[in-house]
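We did not get these values from a lab; they are worked out from the coordinates using the rules stated. What you see is a predicted model, and the numbers here were worked out from it, not measured in a lab.
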Amino acid sequence: MILSAFGLILQLNIDLGAEKLVEAERNGQKIAVEVKSFLGASAMAEFHLAIGQYINYRYALTDFGYEQVLYLAVPWLIYDEFLTQPFVQAVIQRSQVNLLIFDDEKEEVVLWQS
């Protein structure tokens, strides 16, 4: 997605595999989805990157007038084993992260958390 303002161009790499941006609707609401697989050696390092990217993307969407509500999509196993830890949950809540938890084997959404 290319966003421009004041002659500046900002390219956001909100991605799902080869896709740059996943746009959809949920209950009539336009959404954008940033998918993270947490495949790195450290779940905490992956979490830091994911939160930072999510916040930057959310600010950019808002600042440039896009209507999409941003969601961070993560596999169920990562959610269940890592994102439910109290500190991680506190960061998610304080950072106002919308989550989309999916079952990667069944390829379906398991939980929406706003």
Report summary line: Of all DSSP beta bridges having both residues in region 20-79, the percent classed as antiparallel (nearest 5) is 50
Requested in this report: Tell me the Kirkwood hydrodynamic radius of region 34-114 in angstroms, computed as one over the mean inverse distance between distinct C-alpha pairs.
Outcome: 13.1
